[in-house]
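In what follows, a single structure is set out as structure tokens and then discussed.
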Amino acid sequence: MNLNITCIPGDGIGPEIVREAKKVLDKVAVKFGHTITYTDILMGGASIDVHGVPLTEKAVATAKAADAVLMGSIGGDTSTSPWYKLAPNLRPEAGLLALRKALNLFANLRPAVLYDELAGACPLKEEISSAGFDMMIMRELTGGLYFGERKTVEENGVRKAIDTLTYDENEIRRIAIKGFDIAMKRKKKVTSVDKANVLDSSRLWRAVVNEVAKDYPEVTLEHMLVDNCAMQLVKDPAQFDVILTENMFGDILSDEASMVTGSIGMLASASLNDTKFGLYEPSHGSAPDIAGKDIANPIATVLSASMMLRYSFDLDKEADAIDQAVRKVLQDGYRTGDIMSEGCTQVGCSRMGDLLAERI
Ligand code: NAD
């Protein structure tokens, strides 16, 4: 298979971690007999420095022509970088927002996995963390409260602000289908999270999710209220497989789920549209404080590349090979500085990439 991938190295540690992800992908390609065509584009600060804008139309066209986009991270130090003296629509993050919009990415996927070897970083009690967890938060990204009508008015001298939470059934259906499709590749369980005891939008959400579930008889569906889900994530995270939820609930729950893993350098993510196309990137930022020092952890980006193989190319065996290489490298005691613990061997970004590639 030929994989046509657009890469966005970006800013800060971005170019370093993308280089290591490519190293691992290239090894996968050799082992499984694929070819990969990479086309790099500039985005964020790197694009501002060359083109004066955080994303050009040509870069968008290149990304659209690819099968998938693999990104490092964008942005600089927000208090010292000259990029943040520009108008908001010219700053690095505006490039990412524009790209997400141009690619119609409506589904955000964030896995939260607790690796046995990193259990010490998990802030939960050992009796809870010892059960381990491996869940996927699927968050709707383009609807709901963040995109509804909003206004602030003054009535009889009192200021009043109004935000509107709107979902139509088509928006719910397309994300639900994605959620069930992802569950079919995992442990076949979907927990749909809403606030159906209060919100009309949640009652519609629940009804449409039930309709979609009929097409996936192998998948177990449960509904959970968002307040309960927030508690369950710290009480019994092992119960979850795919958590399917709307934009704001997903925003909060995905951060909560990430933090219980305790390791920012390990967190991958993906944003998908209604084709197989996706944008894959680590959940962390561009870490300008450690850029250029060869100490960043590339694993979140490598795991994002694994998600790309699984969800955009349906190359599950190849994705499994990457996930297993990550586990193996941790079992073998290698750590970058951010996940270092006593008795382990500390390595830099590039060496970690080599070690992962060797284990493919
Ligand atoms: P950050 O995630 O870049 O860094 C937070 C802390 O975690 C830092 O101490 C950093 O050194 C460390 N860290 C992050 N990734 C690491 C890795 N792979 N290995 C080792 N340590 C790692 O968050 P921040 O400092 O708040 O933001 C820096 C810049 O990144 C800002 O410009 C912000 O806007 C941008 N940002 C971009 C994205 C994105 O591109 N999607 C996401 C978040 C933040």
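Just so it is clear, none of the values below were taken in a lab; they were calculated from the coordinates. Computed from a predicted model, the values in this text were never measured in an experiment. Glycine gets a Cβ as well: all are built from the backbone with ideal geometry, and neighbour counts include every protein chain shown.
Here are a few things to note about the model shown:
- Here the dipole of the chain is about 500 debye; that uses its Cα centre as origin and unit charges on the Cβ of Lys and Arg (positive) and Asp and Glu (negative).
- Neighbourhood net charge (13 Å Cβ-Cβ; Lys/Arg +1, Asp/Glu -1) for residue 43: -3
- If R0 is 25 Å, the Cβ-Cβ spacing of residue 102 and residue 154 corresponds to a FRET efficiency of close to 0.10.
- Taking the charge dipole of segment 21-112 about its Cα centre, with +1 at Lys and Arg Cβ atoms and -1 at Asp and Glu Cβ atoms, the residue from 111, 94, 50 reaching farthest to the positive side is 111.
- For 145, 124, order by how many other beta-carbon atoms lie within 10 Å, fewest first: 145, 124
- Gyration tensor verdict on segment 27-92 (Cα atoms; rounded if a/c is under 1.5, prolate if a/b is larger than b/c, oblate otherwise): prolate
- Neighbourhood charge, 12 Å Cβ-Cβ cut-off, centred on residue 335 and excluding it, Lys, Arg +1 and Asp, Glu -1: -3
- Efficiency of FRET between residue 85 and residue 207 - r from beta-carbon atoms, R0 30 angstrom, step 0.05: 0.05
- In segment 123-261, one over the average inverse separation of all distinct C-alpha pairs is 16.0 Å, which is the Kirkwood hydrodynamic radius.
- Amide H contacts of residue 36 (H built 1.01 Å from N, under 5 Å, at least 5 apart or other chain): 3
- Phi angles across segment 173-178 convert, under the Karplus curve 6.51 cos²θ - 1.76 cosθ + 1.60 with θ = phi - 60°, into 3J(HN,Hα) values of 4, 5, 6, 5, 4, 4 Hz, Gly and Pro given as x.
- Cβ-based charge dipole, the chain, positive-most Cα from 148, 254, 60: 60
- All other residues whose Cβ lies under 11 angstrom from that of residue 247 are scored, Lys and Arg at +1 and Asp and Glu at -1, for a net of -3.
- Shown is the FRET efficiency for residue 215 and residue 188, computed with R0 = 22 Å from the Cβ-Cβ distance and rounded to the nearest 0.05: 0.95.
- Across the chain, Cα pairs under 8 Å and at least six residues apart give a relative contact order of 22 percent.
- Residues in segment 299-308 carry Karplus couplings, in order, of 5, 4, 6, 4, 5, 5, 5, 5, 4, 4 Hz; the curve used is 6.51 cos²θ - 1.76 cosθ + 1.60 with θ = phi - 60°, and Gly or Pro positions show x.
- Label positions at residue 177 and residue 232, each projected 7 Å from the Cα along the C-beta direction, are separated by 2.6 nm.
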